[in-house]
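Here you go, one structure.
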Amino acid sequence: MISATPDIKALDLPGIESALAALGQPRFRVRQVVRWLYGRGVTGFDEMTDLPGVLRSQLAERYALGRLVLAAKEVSADGTRKYLWELADKTTIESVGIPAGDRLTVCFSTQAGCAMGCTFCATGQDGLTRSLLPGEMVDQVLGVAADMNSRVSNAVAMGQGEPFANYDATLAALRFMNSPDGPEIGARHLTVSTCGLLPGIRRFSAEPEQFTLAVSLHSAIQSTRDKLMPGVARYPLDQLREALAAYGVRTGRRPTLEFALVAGTNDSDVELKALIAFCRGMLCHVNLIPVNPVAGSGAHRPDDARVRAFALGLTSAGIECSIRTERGVDISAACGQLRQRHLS
Ligand code: SF4
């Protein structure tokens, strides 16, 4: 049943501070509450045992405490785990846990569904259901950590949704993830991956934390990009380049350009040349991602030789690049695939 009271997971840190101040609580209670919510991940106010009983009752009267319920899980032979979570209103979202040596990266969703409509993406085919609350994002990280019995070293807003279409909640979630009272993931290990919403990139450039930026580029030719990513056709490539260059100058950090290689669509020499021209003279790192096949999308990955040739073309032009190691190819690891299967 959906609660009529607001969910405390909707609050950012200043929101929790105000809520506790309104109840006449001293400041140190803020850290206690955050620790219970995002350090220990409790599911009820009555578990917050170092708070006075009266305060626990007051919080329970005023707020719901939403939690994620695991609806499905798939485990890959390479250790990657894909999760489908059900939220309080029965909406479902996905996360992925990717272990590598002593690192565990969680790819979390910022929205249920997505309005951007990228043609190669299973989530984009279903449209937007709703944006997530900050706590619903942090809880994905906590849920994966608990399931994999491991500390999360990196978290990436690269699951379902466009993070900058849910900017404030995403930043609030990153701050809880970074907090010593939460999972305490280093700021540089917290990445936002956007499909290129310019107002978001500009705002992000001015944030005080050293969070990392990744942008889905997928083509440096306007007509190809518009076809692949109709949701950002209103932000022309020259303006995107300008915003990324300004980000580099302002922060001194290198944004990652994600480039999902789709056979016959953006893997030609003309595309490569345009990509080189886009990157030249700008701080950036290109991440080539041979696309995961999505049922019904008609998108296929190029063969390995073509992927390697593309990478070689970039490095020969002095552009830093890597080919993303495929993880979880035997499960529905690409964004939206597990949810799509579950709904069908
Ligand atoms: S790739 Fe990302 S931005 Fe594009 S439709 Fe999928 S979830 Fe949305």
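Identify the residue in the range 188-211 that is in a loop (DSSP other than H, G, I, E, B) and away from the ligand (no atom under 16 Å from the Cβ) and, among all such residues, is surrounded by the fewest Cβ atoms within 10 Å (Cβ to Cβ). Even if it seems obvious, please write down each step before you answer.
So in the range 188-211, the residues in a loop (DSSP other than H, G, I, E, B) come out as 195-197, 206-211.
Still in the list and also away from the ligand (no atom under 16 Å from the Cβ): 206-211.
Working: A206: 9, E207: 15, P208: 6, E209: 13, Q210: 14, F211: 23.
Once the filter is applied, the top-ranked residue is P208.
Output the number of the condition that S216 fails; it satisfies all remaining conditions of (1) in contact (Cβ under 8 Å) with a residue 60 or more places away in the chain; (2) farther than 24 Å from K73 by Cα; (3) open to solvent by less than 10 Å² (accessible area, probe 1.4 Å).
The one condition S216 does not meet is (3).
Out of the range 118-174, which residues are farther than 22 Å from F204 by Cα, away from the ligand (no atom under 16 Å from the Cβ), open to solvent by less than 40 Å² (accessible area, probe 1.4 Å) and of a type in the set (A, V, I, L, M, F, W, C)?
L142, V144, A145, M148, V152
Using beta carbons and a limit of 7 Å, which pairs, at least six apart or on different chains, have the first residue in the range 103-115 and more than 16 Å from L174 (Cα to Cα) and modelled with pLDDT of 95 or more and the second one more than 16 Å from the ligand (Cβ to nearest atom) and assigned to a loop (DSSP other than H, G, I, E, B)?
R103/S153; L104/S150; L104/R151; L104/V152; L104/S153
Also, I was wondering about something else. Checking the conditions here, which among G41, G79 is part of a loop (DSSP other than H, G, I, E, B), under 20 Å from V156 (Cα atoms), in the same structural domain as T123 (by TED's automatic domain parsing) and open to solvent by 10 Å² or more (accessible area, probe 1.4 Å)?
Working: G41 fails: in the same structural domain as T123 (by TED's automatic domain parsing).
Criteria check complete, one pass: G79.
All but one of (1) closer than 20 Å to N154 by Cβ; (2) in a helix (DSSP H, G or I) hold for D226; state the number of the condition that does not hold.
The single condition D226 does not satisfy is (1).
Right, here's the next one. Could you list, in sequence order, the residues of the range 157-179 that are farther than 16 Å from I16 by Cα and among the acidic types (D, E)?
Residue satisfying the conditions is E162 alone.
Here is a further query. Pick out the one residue from F278, F259 that is hydrophobic (A, V, I, L, M, F, W, C), assigned to a helix (DSSP H, G or I) and either away from the ligand (no atom under 16 Å from the Cβ) or surrounded by 15 or more Cβ atoms within 10 Å (Cβ to Cβ) (or both).
Within the list F278, F259, the selection yields F278.
The values are calculated or read from the model by the stated rules, or taken from the named source; none is laboratory data. All of these numbers come straight from a predicted model, not from anything done at the bench. No Cβ is skipped: glycine too gets one built from the backbone with ideal geometry, and neighbour counts run over all protein chains shown. Please note that ligands, DNA and RNA were not included when accessible areas were found on the heavy atoms of the full protein model with its side chains. Shrake-Rupley method; radii C 1.70, N 1.55, O 1.52, S 1.80 Å.
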